[in-house]
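*Asks:* Supplied in structure tokens, the structure appears directly below.
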Amino acid sequence: MSPTVLFAGRAEQRQAYHHHLTRADSEAGIAINLAMDPANCDPGAVHYLIFAGNGPVQDFRPFRKLKAILSLWAGVETLLTIGPPDGVAVVRMVEPGLTQGMIDYVVGHTLRHHLEIDRYLGTEPIAVWETDYPPLAQDRRVSILGLGTLGTACAIALSDLGFAVAGWSRRPKTVPGVTCLSGPEGLADALTRADILVLLLPLTAMTERVLNAERLARLPQGACVINAGRGPLIDHGALIAALDKGHLRHATMDVFDIEPLPPTDPYWAHPKVTVTPHIASVTRPETAAVALIESIRRAEAGEPLENLVNSGQGY
Ligand code: NDP
């Protein structure tokens with residue numbers, strides 16, 4: 001029997017996902033029964049729910065035959081707050097387009113801070129010929145909090161460019177060319193050595209406000225912070241205080257406690273803060289469709305699912 005798959009992303013995504021899911025399904029030879037509009041689909045008949053936190057489905061209870069919820073997002077804190085039914089697998093999004101986008105963003109903003117490009121982008125023309133050479137990449141230490149799919153890909157890309165890269169994860173890891181740290185001492189080491197600190201942690205009970213005043217104080221004088229994980233990873237008052245007193249040089253912020261970031265938020269006007277509107281990366285329909293169909297193929301074939309979310313751990 002063909003499994004019924006419901007796409008519950010935003011309405012404007014339907015056309016692209018319909019095209020790419022249909023193509024990927026035909027290449028995989030599964031012949032799914034694909035529904036694109038939750039308003040015209042019996043939830044009791046759905047086996048696989050393709051879910052976005054900002055989509056139309058916000059209650060899983062009517063989906064009584066679900067085998068798996070396939071998240072369109074890498075971050076699953078919204079999904080877990082809604083509460084997947086017991087026994088239903090949750091798969092987070094891992095796909096090459098999302099990963100490549102994050103590599104581009106993190107490498108781009110790291111190079112900006114490494115080369116101090118802002119010094120030469122001044123709005124006022126200043127005819128000052130100062131030859132301050134930036135250090136070589138090998139002498140610039142980058143620490144990445146979160147050494148998962150995205151953090152590891154960024155760590156490898158930065159290491160390949162020559163940066164001295166460390167990564168911090170919950171469990172010990174080995175990544176060639178990257179100093180891998182874990183546990184509380186590992187976090188202290190990662191912060192102490194971070195000329196540039198990149199946050200790519202999921203938002204969980206354990207990671208909320210992980211970058212607080214005490215930990216910000218561990219960063220070297222003049223460090224830069226890039227937050228591409230989730231807004232609540234940071235104590236924002238402490239971050240602004242660290243920028244204002246000159247301890248930190250700059251913060252590039254892509255994610256916030258409230259999104260869209262309210263117009264009155266102090267980050268917008270802060271001279272040492274760059275705000276990007278949660279555009280570090282995004283799931284790309286063409287490559288994501290292949291990953292979604294592969295999860296369905298595995299589940300239907302009785303093979304273990306990859307990128308499973310552990311609800312207890314929160315990611
Ligand atoms: P993964 O689940 O692959 O990786 C999460 C990493 O964080 C793992 O290394 C994990 O450790 C580590 N971690 C989790 N909890 C802790 C903890 N308490 N202490 C130390 N380390 C911890 O996630 P992804 O790499 O796919 O995505 C990371 C996050 O990026 C997403 O959750 C999302 O919030 C954000 N994101 C942001 C986007 C944007 O556009 N700004 C786009 C996509 C994602 P371990 O390896 O031991 O499990």
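The values are calculated or read from the model by the stated rules, or taken from the named source; none is laboratory data. This structure is a prediction, so every number in the text was calculated from the model and none was measured. Every residue, glycine as well, gets a Cβ built from its backbone with ideal geometry; the counts of neighbours run over all protein chains shown. Accessible surface is based on the protein model in full, side chains and every heavy atom, while ligands, DNA and RNA are left aside. Shrake-Rupley method; radii C 1.70, N 1.55, O 1.52, S 1.80 Å.
*Asks:* Within the range 77-87, which residues are assigned to a helix (DSSP H, G or I) and touching a residue at least 24 places away in the same chain (Cβ under 8 Å)?
*Replies:* The answer is GLU77, THR78, LEU79, LEU80, ILE82.
*Asks:* Next question. Quick check on my filter: what residues within the range 225-243 are open to solvent by 10 Å² or more (accessible area, probe 1.4 Å), part of a helix (DSSP H, G or I) and closer than 12 Å to GLU208 by Cβ?
*Replies:* Within the range 225-243, just PRO232 meets the criteria.
*Asks:* Going through the range 263-273 one residue at a time, which ones are touching a Phe, Trp or Tyr at 6+ places or on another chain (Cβ under 9 Å) and either part of a loop (DSSP other than H, G, I, E, B) or farther than 15 Å from PRO232 by Cβ (or both)?
*Replies:* Within the range 263-273, ASP265, VAL273 meet the criteria.
*Asks:* Of the numbered conditions (1) closer than 18 Å to GLY151 by Cβ; (2) more than 16 Å from the ligand (Cβ to nearest atom); (3) open to solvent by 20 Å² or more (accessible area, probe 1.4 Å), GLY246 fails exactly one; give the number of that condition.
*Replies:* It fails just one condition, (1).
*Asks:* Additional query: Scan the range 35-56 and report the pairs whose first residue is within 19 Å of MET93 (Cα to Cα) and modelled with pLDDT of 95 or more and whose second residue is part of a loop (DSSP other than H, G, I, E, B) and among the small types (Gly, Ala, Ser), with Cβ atoms within less than 6 Å and a gap of 6+ or a chain change.
*Replies:* Close Cβ pairs (under 6 Å, with a partner that is part of a loop (DSSP other than H, G, I, E, B) and among the small types (Gly, Ala, Ser)) amount to ALA52/GLY9; GLY55/GLY9.
*Asks:* Looking at ARG298, is it assigned to a loop (DSSP other than H, G, I, E, B) and not hydrophobic (A, V, I, L, M, F, W, C)?
*Replies:* So ARG298 does not fit the description; no.
*Asks:* I've got another one for you. Check whether at least one residue in the range 174-181 is within 21 Å of the chain's Cα centre (by Cα), free of Cβ contacts under 8 Å to residues at least 12 places away in the same chain and farther than 18 Å from LYS272 by Cβ, and report yes or no.
*Replies:* Yes.
*Asks:* Of all strands (runs of 3 or more DSSP E) completely enclosed by the range 133-205, which ones contain at least 1 residues that are surrounded by fewer than 23 Cβ atoms within 10 Å (Cβ to Cβ), at pLDDT 95 or above and within 10 Å of the ligand (Cβ to nearest atom)?
*Replies:* Of the strands (runs of 3 or more DSSP E) lying wholly inside the range 133-205, those with at least 1 residues that are surrounded by fewer than 23 Cβ atoms within 10 Å (Cβ to Cβ), at pLDDT 95 or above and within 10 Å of the ligand (Cβ to nearest atom) span 164-169, 179-182.
*Asks:* Okay, next question. Identify, from the list VAL107, VAL94, VAL90, the residue that is outside any helix (DSSP H, G or I), within 16 Å of the ligand (Cβ to nearest atom) and surrounded by fewer than 20 Cβ atoms within 10 Å (Cβ to Cβ).
*Replies:* Residue meeting the stated conditions: VAL94.
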